[in-house]
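The values are calculated or read from the model by the stated rules, or taken from the named source; none is laboratory data. What you are looking at is a predicted structure, and each value in this text was computed from that prediction instead of being measured. Neighbour counts run over all protein chains shown; Cβ positions are idealised from the backbone, glycine included. Accessible surface areas use protein heavy atoms only, side chains included; no ligands, DNA or RNA. Shrake-Rupley method; radii C 1.70, N 1.55, O 1.52, S 1.80 Å.
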Amino acid sequence: MQRLLCLVAASAALASDVTPVQKVIQMLEDMKAKGTKEMEEEQVQYATFKQFCDSTLSEKEKSITDSSDKIETLGADIEAAKADAERLATEAAAHSADIESATKEKDDASALRSKAREDFLATLKDYTESISAVGRALKVLKTQEKVSLVQLAEVKKMLPDEAVHSIDAFLARDKQSLIMEGAKGEPETYEFQSGGVVGLLEQLKTKFEGERETLETEEQAKKHSFQLLAQGLEAQLAQSKKELESKTQFKAKRLQEKASGEGDLAEARGTKESDVKYSTDLKATCDKKAAAFAERQALRKEELEALSKAKDVMAAPTVAGAAAKHLPSLVQKTALAFLRMHSPVGQEQVARFLQQRASQLNSRVLSAAAARAGADPIAKVKTMIEQLLVKMQEQANEEATKKGWCDAELKTNTATREEKADASEALQSEIDGLTAAITKLGEEGADLQMELTELAAAMAQATDLRTKEKAKNAATVKDAQEAQKAVAEALSVLKEFYAKAGEATSLVQTNAKKPEVFGDEPYQGMSGESGGVLGMLEVIQSDFARLQAETESAEEAGKKEYDEFMEDSKVDKATKTKSAEHKAGKKSSKSQELTMLEGDLQGTQKELEAANTYYEKLKPDCVDTGVSYAERKAQREQELKDLQTALDMLQ
C-alpha cells in the first residue's frame, strides 16, 4: 500500500510538469512542420541541381565534340607539316647539289678564262712589238734608196723572225736574178734597191695589224661570252641559294608548327579525357540523385501522412500529453553542386665623205672629224683620225665593260628587290598570323582562368555545404538518440506503473454494514487503453532508431560523394592549370617570335629601301633612256668603219 501511494505521488508530480506523451505529440507536430519545410527545400534544391546537371552536361558534350574536331584537325595538320618538312629537306638537298655544281662550273670557267687572257696578252704583246719593230725598220729603210747587206743585217736585228724569213726569201730571189744577169761583186758590198724590202715590210705590218685586230676582236667576244656565262651561273647560284634559304626556313617553320601542333594535340586529348571522365561521373551522379530524389519525395509524403496519423492518435484523450520532436526518416542529403570547367684622195673629198656619213648617222663624232679634215693639214688630219679611232675603240671597250657591270648590277639589284619584297610580304603574313594566334591564346587563357575561378568557387561551396550537412546530420543523430532515451523513459514509467497496478487487490470483506462506495474489484489503472499508447511509443522509439541509422548512412554517403567530387575537381583543376600554363608559355614564345619577326621585317624593309635607292642611282647610267646599248654599239662600229675608210682615203 505504501508503494502504491509513492507511485501515485510520483505520477502526480509528473502530471504537474510535461508528460512523456505530450512531449511526443509536440515532437510529432514539430517533425511534421520541419519535414514539410525540408521537403519543399529539397524540391527547390533538386530543381537547381537538375538545371546544373542539364547545363553542365550540355556544355561538356559540346566541349568533347569540339575537342574531337580539334584533335582530328591537329592530327591532319601535324601529318601535313611532317610531309612538307620531308619534301623540303629533299628539295634543299637538291639545291645544295645545284649550288655545288654551279660553283665548280664557275670556278672552272674562271680558270680557263684566266689562262686564255694570259695567252691573249702574251700574243698581243708579240704583235705590238712586231708592228713597232717593222715600223722602226720602215723608218730607216725609207730614208735610203740603196741598202747594203751590212745595213740590212742591222735592220733585220730589229725585226721579228717571220719578217726576217720573208726578207731572206725576198733577197734570195733578188740575188738569183742578179746572178742570172751577170752581176758580180762580193756579198758584203752588194747593194740593192730598198723599195722592194719596204713594200714587203709594209705588207707584213698590215698583216700584223690585221691579225692583232682580229685577236682583239676575238678576245672581246671571248670576254663577252665569259661574262654572259658568269652572269648566268651567278644568277643560277643566287636563285639556288635563295630557294635553299627559303626552303630551309620554311622547313624549320613547318617543324616548329609540327612540334606546336603536337603540344596542342596532347593538350586537346588531355582536355577531352578530363571532360569525358567528368561528364561520365556527373551523369552517374545526376541519375543517382534523380532516382534518390523521387524515392525521397515519395517517402517524405508517406512520412508526413504517417506523422499526421500518429499525431491524431497521440492527440486523442487517451494519449494526450505525449510529445515528439522529429519526423521519421528525417534523412538530410545535400545535393552537391557539381560545377566544372578547356683609203688616199684629196682632203676636201675626205671631209665631204665624213660630213655625208655624219649626216646619215647623225654622228657628232664624224661631224667634228669632217670639220677638222677640211681645216687642218693632211698629216694632222691623219693623226687626228688615228687618235680618234684609238679613242673610240677604248670607249667601246669601256662601254662594253660598263655594260657587263650594269647588267650584273641590275640583275643582282632586281633579284635583291624581288627577294626583299617577297620576304617583307611573307614576314607580314607571319606577323598577322602570330598576332591572331596570340590573341586567341590570350582569350583561351582568360577562359581557363575564369573556369578555374568558378571551379574553386564550386569546391568552396561544396565544402561549405558538406560542413553544414555534417553538422546537421550530427545534430539529427544526437536528437534521435535523446528522443530514443526519452521515449524509453516514458515507456519504462508507464510499463512499471501498469505492471504494479495489475497486482493490486481489494480489502478483506466484513459482515459489518458500511456505506456504499466504489466496487470491491481492484483498480489497475487505464490498462485497457495503455496498450495503444505503449505500442505507439514503441513505434516512435523504433522510428527514432531508424532515423539515427539512416542519418548515419546518409552522412557516410554524403561524405563519399563529397570526396569523389573534390577528387574529380582537383583532377579537372590540375588539367586546366596545366593547360593555362601551356597556353601562357606558348603565348610568351609566340610574343618573342613576333618581336623577332617585327625586327626582321624592319630590317628587310630597310634593305628593300636601300635596294630601291641603289636602283635609282643605277638608272641614269645603266637603264636605257631612248637609245639602247645595241644601237649605240652599231653606230660606233659604223663610225669606226667610216673613220677607217677616211684614213685609208688619206693614205
Give the aspartates and glutamates reachable from residue 309 as a straight Cα distance under 17 Å; neighbours fewer than 8 places away on the same chain don't count. 29, 30, 538, 543
Compute the length gained on full extension between residue 595 and residue 456: take 0.36 nm times their separation in residues and subtract their Cα-Cα distance, giving the result in nm to one decimal. 46.5 nm
Ordered by packing density, taken as the mean number of other Cβ atoms within 10 Å over each peptide's residues, highest first, how do 110-116, 483-489 rank? 483-489, 110-116
Spelling out what I want: for every residue of segment 136-141, take phi, set θ = phi - 60°, compute 6.51 cos²θ - 1.76 cosθ + 1.60 (Karplus), and round to whole Hz; glycine and proline get x. 5, 5, 4, 4, 6, 5
Links that overshoot a 18 Å alpha carbon limit, given the list 420/586; 104/241; 283/560; 258/420; 420/606; 391/641: 420/586; 258/420
Quick one: if you stick a label point 7 Å off each Cα along the C-beta vector at residue 549 and residue 203, how many nm between them? 14.8
So, R0 is 60 Å and r is the distance between the beta-carbons of residue 221 and residue 277; what FRET efficiency does that work out to, to 0.05? 0.15
Show 95, 224 ordered by accessible area, largest first, where the area counts protein heavy atoms only and the probe is 1.4 Å. 224, 95
Which order do the peptides 248-255, 639-646 come out in when sorted by mean C-beta neighbours inside 10 angstrom, highest first? 639-646, 248-255
Quick one: if the Förster radius is 30 Å, what FRET efficiency do residue 109 and residue 644 give, using the C-beta to C-beta distance and rounding to 0.05? 0.30
Give 251/587; 142/207; 301/495; 32/468; 288/485 a once-over and call out the pairs whose C-alpha atoms are over 26 Å from each other. 301/495; 288/485
For 572, 161, the accessible-area ranking with a 1.4 Å probe, largest leading, is 161, 572
With each pseudo-label sitting 7 Å past Cα toward Cβ, what's the residue 211-residue 570 distance in nm, one decimal? 10.5
Residues other than residue 89 with Cβ under 12 Å of its Cβ, Lys/Arg counted +1 and Asp/Glu -1, net out at +2
